[in-house]
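Peer 1: Dumping the structure here so I can ask a few things about it.
The values are calculated or read from the model by the stated rules, or taken from the named source; none is laboratory data. Model, not experiment: these values are computed from the prediction. Heads up, the Cβs are rebuilt from the backbone with ideal geometry, glycines too, and the neighbour counts pull from every protein chain shown. Areas reflect the complete protein model, heavy atoms only, side chains present, ligands, DNA and RNA absent. Shrake-Rupley method; radii C 1.70, N 1.55, O 1.52, S 1.80 Å.
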Amino acid sequence: MALELFFRMRESGIEPNEFSFVALLTTCGRMLELELGFQVHSLARKLGYLSSTFAANPFMALCDKCGYLEDALVLFDEMPERDIASWNTVIAGVVNELMYDKAFELFRDMRRVDGFRVDQFALSNVLNACARCSALKAGREIHARVLKMGFENNLSVNDALIAFYTKCGECHI
């Protein structure tokens, strides 16, 4: 439906805005329509909307979902401004591609470079990285941060902690 509305809008001479591109790129991501996503991306670039973090984030997610993480990382590096969703998208992407050292590097950079306070999604993703590569010390440090930041009752974080300690052989009943 979103794609149909977009094409009718264009036929009527109505120019899309950043919200149009977010809806379209999100739809492309859900449908795993990479080719159409690249076309939408090209139009967004042509009209100057890729400088918008809001419009760039769903394209990064689309690239990641379709196996083009390198394209997502290039876009991420080129972004003039990033938000917490930008960071979480690339961290999740590198974890899914088994690039754990890169996930840890991005997690550190999130705070150091852009000064973001990590959220439950970043914590869960980096804990998943720790679990998958059995990084016991790093996982324990993240667990301490979870407690310090007050995320100990967050379901997503708790699931990641359980998986981490279980996979690292530290789950004692």
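Peer 1: Could you grab me the full set of residues in the stretch 114-133 that are under 18 Å from A85 (Cβ atoms), open to solvent by less than 20 Å² (accessible area, probe 1.4 Å) and in a helix (DSSP H, G or I)?
Peer 2: A122, L123, S124, V126
Peer 1: Looking at the stretch 134-167 only, could you name the residues that are crowded, with 17+ Cβ neighbours inside 10 Å and not in a helix (DSSP H, G or I)?
Peer 2: Within the stretch 134-167, A135, F151, N154 meet the criteria.
Peer 1: What about V146, is it under 26 Å from P80 (Cβ atoms) and of a type in the set (A, V, I, L, M)?
Peer 2: No, not satisfied.
Peer 1: Mind checking which residues of the stretch 115-173 are closer than 21 Å to N96 by Cβ and of a type in the set (D, E, K, R)?
Peer 2: Answer for the stretch 115-173, where residues must be closer than 21 Å to N96 by Cβ and of a type in the set (D, E, K, R): D119, R132, D159, K167.
Peer 1: Now for a separate question. Mind checking whether some residue in the stretch 82-100 is over 30 Å from S156 (Cα atoms) and at pLDDT 85 or above?
Peer 2: Taking every residue of the stretch 82-100 in turn, none turns out to be over 30 Å from S156 (Cα atoms) and at pLDDT 85 or above.
Peer 1: Among the residues of the stretch 1-14, count how many are of a type in the set (G, A, S) and assigned to a helix (DSSP H, G or I).
Peer 2: Adding up the residues that qualify gives 1.
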